[in-house]
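A short reminder: the numbers here are calculations on the coordinates, not readings from a lab. Computed from a prediction, not measured in an experiment: that's the story for all the values here.
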């Protein structure tokens with residue numbers, strides 16, 4: 001019997017609903033008879049916790065999380081708590097405190113999705129974005145100068161260390177090499193950002209020479225965004241800074257037809273600390289409590305978690321089950337053009353999983 005300890009943070013809005021979906025999927029995996037068990041501990045952290053206690057999570061939150069194998073997060077953010085407080089009160093402290101410096105987001109078109117793009121083949125969209133996740137534009141450094149004067153100025157810093165930049169670029173090249181992917185594009189803007197992105201480009205150019213089998217190039221992020229739309233089949237691996245990666249991956253999810261379906265993995269590749277897995281859709285207050293949140297993003301995030309835990313067989317089975325439900329177009333939530341509930345979609349995926 002393999003036992004994995006998971007800490008669950010449903011968070012806010014539809015985070016609670018997709019976390020309930022996650023529990024169903026994990027329970028079905030346990031029933032498959034593969035000798036797996038998940039010990040789950042749910043934590044009530046988030047915006048409601050903040051409104052009661054003035055914090056998004058306890059002071060010793062990282063210590064509470066540290067003894068698990070992985071963390072599953074639903075969504076963070078809700079009206080009544082400013083976004084910069086909710087983000088910096090929970091999500092970023094976990095990413096940075098546990099050195100989850102890789103944010104891995106696959107962008108893959110499954111047959112049955114409704115892409116707004118004209119695709120000649122379902123394989124036209126199948127790539128991964130590897131986003132630096134611990135520093136850069138989201139480091140939190142800055143200041144207000146000349147406060148309460150006509151010259152009041154906000155200064156937001158973006159910090160790029162040699163260690164942080166080198167390790168994310170090297171991780172991207174290793175990912176391309178290990179997955180036999182032929183090409184890699186680095187998102188830059190060194191024509192305008194004359195310190196941070198020139199620094200990034202210099203490190204990228206040095207590391208690329210060590211991977212001669214991977215065709216590598218730098219591309220300005222605005223031109224790269226155009227490539228996402230005009231010719232996505234040219235994309236295999238994209239490596240980007242924290243801000244650029246965040247924006248590009250939301251664009252990538254929109255290319256698939258719904259932001260509700262995409263996953264992300266916040267990885268500490270060395271496994272010194274637990275990694276965290278979450279859908280990218282956010283808390284969606286407008287539909288919270290209606291039972292129509294799309295659970296695909298959470299299910300796909302579980303797939304990434306299973307891969308991280310070395311459970312490749314069950315990960316592939318869950319991918320097949322999810323893909324079958326998507327391709328049949330019979331059970332889907334409103335954001336995908338259907339009228340079924342969160343529970344109905346989860347039940348359909350679990351049913352397919354049991355039949356594999």
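Residue separation times 0.36 nm, minus the C-alpha to C-alpha distance between residue 251 and residue 194: what's the value?
Details: separation 57, 0.36 × 57 = 20.52 nm, distance 2.54 nm.
Between residue 251 and residue 194, full extension yields 18.0 nm more.
How long are the three semi-axes of the equivalent ellipsoid for the range 33-92, computed from the Cα gyration tensor as the root of 5 times each eigenvalue, in whole Å, largest first?
Values: eigenvalues 137, 31, 19 Å².
Listed largest to smallest, the semi-axes of the range 33-92 are 26, 12, 10 Å.
Per the helix-only calculation at 222 nm, which mean residue ellipticity applies to the chain, given -39500 (n - 2.57) for every DSSP H run of n ≥ 4 and division by its residues, nearest 500 deg cm²/dmol? It would help to have the intermediate numbers written out before the result.
Working: 12 runs with 137 residues, N = 356.
Result for the chain: -12000 deg cm²/dmol, rounded to the nearest 500.
Compute the orientation-averaged projected area for the range 125-217 from the convex hull of its Cα atoms and round it to one decimal in nm². It would help to have the intermediate numbers written out before the result.
Values: hull surface 31.3 nm².
Average projection, Cα convex hull of the range 125-217: 7.8 nm².
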With just the Cα atoms of the range 63-182, tell me how far they stretch along each of the three principal axes, in Å, largest first. 57, 36, 31
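Using only the Cα atoms, what convex hull volume per residue in Å³ does the range 227-297 have?
130 Å³
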Just to be sure I understand: with springs between alpha-carbon atoms less than 10 Å apart, which residue in 146, 171, 273 has the highest mean-square fluctuation in the Gaussian network model of the chain? 146
Residue with peak Gaussian network fluctuation, the chain [Cα springs, cutoff 10 Å], from 326, 85, 168: 85
Could you work out the relative contact order of the chain, using alpha carbon pairs under 8 angstrom and six or more residues apart, expressed as a whole percent? 22 percent
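Hey, what did the range 116-255 get for relative contact order, percent, Cα under 8 Å, at least 6 apart? Don't skip to the end; give the middle numbers.
On the way: 207 pairs, mean separation 51.2, N = 140.
Result for the range 116-255 is 37 percent.
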In cubic angstrom per residue, the convex hull of the chain built on its Cα atoms measures 152 Å³
State the Cα centre-to-centre distance between the range 86-102 and the range 228-294 in whole Å. 16 Å
Enclosed volume per residue, in Å³, of the convex hull spanned by Cα atoms of the range 236-356: 132 Å³
